[in-house]
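Values quoted throughout were computed directly from the atomic coordinates according to the rules given, and no laboratory measurement underlies them. Note that the structure is predicted; figures quoted are calculated from it, not measured. All Cβ positions, even for glycine, are placed from backbone atoms using ideal geometry, and neighbour counts span all protein chains on display.
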Amino acid sequence: MKWLTIISLSLPGLAPAAPTPSAPTGPEEATAAASAASASAAPAAPAATPASLAPTPSPGAGAGAAAVSASAEATTADPMADGVQAFAARRYRDAQADFARAVSAQPDAPLVQYRLAVAAAAAGDAPTAERAAATVARLDPGNPDAVALAVSQRLAQRRTAAPVPTLEEVAAALADGRLRTAALLAADALAQADVAPDQRAALLAARGRALLAVGRAAAAAVALREAAGLGVDGPRVWLALGQAYAAEGRREAARTCFEAAAAIAPADGPVAQAATAGRQRLSGQDGGRETR
């Protein structure tokens, strides 16, 4: 019978019923029997702790767990929203990291690249800011030049060791055909507070010509109009401004600029000849009539 008992104990549902103890005959036996019954009735280990009996965490531990949970949700939900919140809180490095995650998901979105550029500039990461700004210009050539100006202003505020671009560097980039670089360098230099009027006019003219060459006529007109008001390099600035207006379809304004360029440029020089050609093109487009 011993081997049958062993088998029955090893199989679920086949354990023999516990033997019924005999009634105690004395006080000591009654006490021992009660203790044994109590011990046998208690379970060895509860399967689950009722909610009402679960230990209450300390306030500090609960706050820490909540913070970790909130942080985990924040870094996995929406990197753009996370970046905006971090930037508003002036946590620029965190904002840059969030926008970098957003760029990984949407590399061809100009707005995402723009926010990465601004956050990187605020964090002092000039190379990343400049790369992202160049990407914005490539993805959205018609974007207002406020993008480049916003980035360059933050770069100017954060750069302490890097030198400010010079007019010579801007002119060299323009001459080499690095048009977007020339426009960005000029914007960076213009963001400085102590730019002399003649230097400012030359930088504006260079920026305007660079923007015009890459097809950003409206932004070019803004820079060239300010340069013309400062009166430096008059004939060339008026010629470029006329070309920008013509590209925008503002024929009467373009014609006025071409006439101003021709009036102050040497009669047989290239600027006067280009201005005359510009007026002739406008007249041909208008069928010989002066229209606005």
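Here is the tail figure for the range 170-262: Cα pairs spaced more than 15 Å apart come to 54 percent of all pairs.
Assign unit charges at the C-beta atoms only (+1 for Lys and Arg, -1 for Asp and Glu), then state the dipole size of the range 193-242 relative to its Cα centre in Debye, rounded to the nearest 20.
With only Lys, Arg, Asp and Glu charged at Cβ, the dipole is about 220 debye.
Overall size of the range 233-292 from C-alpha positions, given as principal axis extents largest first: 28, 19, 13 Å. The charge dipole of the range 196-292, taken about its Cα centre with unit charges on the Cβ of Lys, Arg, Asp and Glu (plus for the first two, minus for the last two), comes to roughly 280 debye. Here the mean projected area of the convex hull built on the C-alpha positions of the range 190-235 is 3.0 nm².
Sorted largest first, the principal axis extents computed over the alpha-carbon atoms of the range 163-214 equal 28, 20, 14 Å. Taking the Cα centre of the range 163-214 as reference, the dipole from Cβ charges on Lys and Arg (+1) and Asp and Glu (-1) amounts to some 240 debye.
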